[in-house]
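**Q** Shown below is the structure under consideration.
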Amino acid sequence: MAALPHLTGFTREELAALLGELGEPRYRADQVFQGLHGRRLMSFDEMTDLPKALREKLNASATASTLTIESKYTSTDGTRRFLMRTADGNPVEAVFIPTENRDTICFSSQSGCALNCDFCLTAKLGLLRNLTAGEIIEQIVLVLNDVYGVGGETPHGTNLVAMGEGEPFMNFKNLIKALDIMADEKGLFIVPGRTTVSTAGVVPKIHEFAALARRPNLAISLSAANDELRNKLMPINQRWPIDELLAAAKAFEKTLKRGERFTFEYVLLGGVNDSDEHAEELAGLLRKHDLRKVKINLIPHNPAEQLEYRPSSPEQVLRFKEILEQNGVSAYVRTPRGRDIYAACGQLAAKQEPNLVQIAGR
Ligand code: SF4
């Protein structure tokens, strides 16, 4: 039996068309949109502002929810990892990262990932499938409801990062649609400025992204400053090598407005890409491509049994940062969050460990 349409992934215009087919006026579409996104309801039955007959029609022809939370893990630092399943049984992970002033939700764009970065646990899953726009949005709805209660106020505002399972630009259309829907002021109202999309370097999509009228922030995962090393660490480099990637980054930079910046992420792997020479090489690469509006986020590697890498020493992380700064490059060290529950960068691999602190699943 074909799956019912998942209305969470419908724009307001698409909802209006669908409800029009059911003989309903336009304002009903706005009510349904508000119910799904503004009130974060997960079923039509809870939308008691709709007539019962319409709720029954919707129940028969569509769905408001497709993901289930299989397990939840909470870190000693307050980070929560949610392992969810799609209706057809694929894993999806989202991570809630609280800080004093704001909350960040890291969400998945695909189940698994095809790109095979050598330092990433998600790569071990392979690509299972692209997520739909509705599945992308539902992750955020489920996480917010879990943390703040169904429809509860979000006191800190919500930042989004597309850095969970998958390469977002390999699921470009669904991702952008989901972000547009989430930006709608009648719904979740998470504007593009609060959202960051991270790519491993899908060059044609960087150009497409640059041309969007309302676009989120961009992060590019670099992790090596020469092709030989990057080919090994991030095999996507064999398709779009560093010079091509940085040319795309420069084209993107030219579209930035005054005061805007973008990010390169650099995972620091002990003894592999973290020497003083590597830092000099990275600074030289940015000079060569005349990249001025970029900042570097240094991400200490998050180790895992199946990965052969170790983190850099804290001293070398600082040294790497200093060398970049001496070369006029802004560099920041990202504190790993949720390492103990496999929630940190590169650790999402649908891990279900009995010895992790699990809180009751829904
Ligand atoms: S780092 Fe990102 S792009 Fe690379 S394998 Fe992991 S999830 Fe995929």
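The values are calculated or read from the model by the stated rules, or taken from the named source; none is laboratory data. A quick note: this is a predicted structure, and the numbers were derived from the prediction, not measured. As a convention, Cβ positions derive from the backbone with ideal geometry for all residues, glycine included, and neighbour counts pool all protein chains shown. Note: accessible area is taken over every heavy atom of the protein model, side chains too, but ligands, DNA and RNA are not part of it. Shrake-Rupley method; radii C 1.70, N 1.55, O 1.52, S 1.80 Å.
**Q** Quick one: 3J(HN,Hα) in Hz for region 38-44, Karplus 6.51/-1.76/1.60 with θ = phi - 60°, rounded, Gly and Pro as x.
**A** Going residue by residue, I get x, 9, 6, 7, 10, 8, 5 Hz, with x marking Gly and Pro.
**Q** List, in order, the whole-Hz ³J(HN,Hα) value for each residue of region 280-293 obtained from phi through the Karplus relation with A = 6.51, B = -1.76, C = 1.60 and θ = phi - 60°; use x for Gly and Pro.
**A** Using θ = phi - 60°, the values come out as 4, 4, 5, 4, x, 5, 5, 5, 4, 9, 6, 8, 10, 9 Hz.
**Q** Roughly how tilted is helix 242-254, in degrees to the nearest 10 and between 0 and 90, from the longest Cα axis of the chain?
**A** On a 0 to 90 degree scale, this one is about 60.
**Q** Let me ask something else about it. Run the Debye formula on the Cα coordinates of region 67-170, all scatterers equal and no solvent, and tell me log10 I(q)/I(0) at q = 0.14, 0.18, 0.20 1/Å.
**A** -0.52, -0.84, -1.02
**Q** Can you give the Rg and Dmax of region 10-129 based on its C-alpha atoms, in angstrom?
**A** Rg and Dmax of region 10-129, Cα atoms, are 18.3, 54 Å.
**Q** Starting from the Kirkwood radius over alpha-carbon pairs of the chain, derive D by Stokes-Einstein at 25 °C in a medium of 0.890 mPa s and give it in µm² s⁻¹. Display every interim value, and only then the final one.
**A** Working: Rh = 21.3 Å.
D, rounded to a whole number, is 115 µm²/s.
**Q** While we're here: In the Gaussian network model of the chain, springs joining C-alpha atoms below 10 Å, which of Ala162, Ala249, Ala283 carries the largest mean-square fluctuation?
**A** So, out of Ala162, Ala249, Ala283, the one fluctuating most is Ala283.
**Q** Which of Thr48, Thr154, Thr86 ends up with the largest GNM mean-square fluctuation for the chain, with Cα atoms connected below 10 Å?
**A** Of Thr48, Thr154, Thr86, the most mobile in the Gaussian network model is Thr48.
**Q** Which cross-chain or sequence-distant (5 or more) residues have an amide H under 5 Å from the amide H of Ser71, H modelled 1.01 Å from N in plane?
**A** Placed amide hydrogens put Leu83 under 5 Å from Ser71.
**Q** Stretch Ser43-Gln326 to full length: gain in nm at 0.36 nm per residue minus the Cα-Cα span?
**A** Between Ser43 and Gln326, full extension yields 96.4 nm more.
**Q** Evaluate the distance, in nm, between pseudo-label points positioned 7 Å from the Cα of Glu208 and of Asp227 along their respective Cα→Cβ axes.
**A** 2.5 nm
**Q** What is the angle, in °, between the Cα long axis of helix 172-183 and the longest principal axis of the Cα atoms in the chain? Nearest 10 is fine, range 0 to 90.
**A** 60 degrees
**Q** If I fit a long axis through the Cα atoms of helix 12-21 and take the longest principal axis of the Cα atoms of the chain, what angle between them do I get, 0 to 90°, rounded to 10?
**A** For helix 12-21, the angle is close to 30 degrees.
**Q** Taking +1 at the Cβ of each Lys and Arg and -1 at the Cβ of each Asp and Glu, which of Asn116, Ala213, Val147 sits farthest along the dipole of region 104-250 towards its positive end, judged by Cα position relative to the Cα centre?
**A** Result: Ala213, furthest along the dipole toward the positive end.
**Q** With just the Cα atoms defining each centre, how far is region 181-255 from region 279-314? Give it in Å.
**A** Distance between centres, Cα-based: 16 Å.
**Q** Excluding Arg129 itself, what net charge comes from residues whose Cβ is under 12 Å from its Cβ, given Lys and Arg +1 and Asp and Glu -1?
**A** On the way: positive: none; negative: Asp88, Glu135, Glu165.
Local charge sum for Arg129: -3.
**Q** Right, another one. Once the whole set of protein chains is in place, how much accessible area is left on Asp180, using a 1.4 Å probe, in Å² to the nearest 10?
**A** 90 Å²
**Q** Same structure again: Counting only helical runs of four or more DSSP H residues, what would the 222 nm mean residue ellipticity of the chain come to if each run contributes -39,500 (n - 2.57) and the total is spread over all its residues? Can you show the working numbers first?
**A** On the way: 10 runs with 110 residues, N = 362.
-9000 deg cm²/dmol, from helical runs alone.
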